[in-house]
Amino acid sequence: MKRLTSALACLALTACMSPSAAPLPAGAVSFAQVLQDNASTPYECTDYNPATRTCAAVGRYVQQADGTLLSEGLFLLNDQPRALARGVAPVRVIGGRACTQASSLQFELLEGANDPAAQFALGFMEELMAGAGEVCATYTPSGDGYSVSSQAQSGPLRGPIPSTSRFFASAPALRSEL
């Protein structure tokens, strides 16, 4: 579940009512403000560990020529043998939150494609996300970064799923949490 938390948080990078319908909670900032404040530090690190200088996931947001905002995230499914996964999904800003349709997430194994355990883990994540509906992330400033609460509209991921987020100028190293 921790691996899924990392993926959700990276990909937005993600209550019983539609999470995007409620007003932002006190102290939270709009996702547009998060992007603006971190324009010079585009790499979002989920659950940063300062002792090891590593992240559970590293993501970034990329504006496409057609105006679509994409969330791209990397996360390790396993250290040995190394299994590196990538997830991509379009993001919409709704009610100040970063939202995506979980079924639009596209996962791929960049390393470890021949590892049956990595293939199984990625397939499990895809199945779980397929039933999550819309996933939205709310950002609240906290210390050097943000406290992030991701909530799915339906399914077993109907949060909130907490994580932390910090932005960096270059991508920090990843760690596996399995």
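The values are calculated or read from the model by the stated rules, or taken from the named source; none is laboratory data. Keep in mind that this is a model prediction, so the values were computed, not measured. In this analysis, Cβ positions are derived from the backbone assuming ideal geometry, glycine residues included, and neighbour counts consider all displayed protein chains.
Descriptive notes on the structure:
- Just one residue in the set Glu44, Glu72 is among the acidic types (Asp, Glu) and either at pLDDT below 85 or surrounded by 20 or more Cβ atoms within 10 Å (Cβ to Cβ) (or both); that residue is Glu44.
- Once the range 47-69 is narrowed to residues that are in a strand (DSSP E or B) and among the aliphatic types (A, V, I, L, M), the residue that is surrounded by the fewest Cβ atoms within 10 Å (Cβ to Cβ) is Val62.
- Subset tally (residues that are outside any strand (DSSP E or B), in contact with a Leu (Cβ under 7 Å, 6 or more places away or on another chain) and not hydrophobic (A, V, I, L, M, F, W, C)) for the range 96-118: 2
Each row is one residue, and each column tells you yes or no for (1) of a type outside the set (A, V, I, L, M); (2) within 22 Å of Leu69 (Cβ to Cβ); (3) touching a strand residue (DSSP E or B) at 6+ places or on another chain (Cβ under 9 Å).
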position	(1), (2), (3)
Ala89	no, yes, yes
Ile94	no, yes, yes
Ser104	yes, yes, yes
Leu109	no, no, yes
Asn114	yes, no, no
Cys136	yes, yes, yes
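- Of the residues making up the range 119-158, those that are within 21 Å of Gly95 (Cβ to Cβ), in a strand (DSSP E or B) and either at pLDDT below 85 or not hydroxyl-bearing (Ser, Thr, Tyr) (or both) are Glu134, Val135, Cys136, Ala137, Pro141, Val148, Gln151, Ala152.
- Across the range 21-40, the qualifying residues are those that are surrounded by 14 or more Cβ atoms within 10 Å (Cβ to Cβ) and in a loop (DSSP other than H, G, I, E, B), and the one among them that is modelled with the lowest pLDDT is Ala22.
- Criterion: loosely packed, with under 15 Cβ neighbours inside 10 Å and more than 24 Å from Thr54 (Cβ to Cβ) - qualifying residue of Gln101, Gln106, Gln153: Gln106
- Odd one out for Thr140, checked against (1) more than 14 Å from Ser104 (Cα to Cα); (2) surrounded by 22 or more Cβ atoms within 10 Å (Cβ to Cβ); (3) touching a Ser or Thr at 6+ places or on another chain (Cβ under 6 Å); (4) not aliphatic (A, V, I, L, M): (2)
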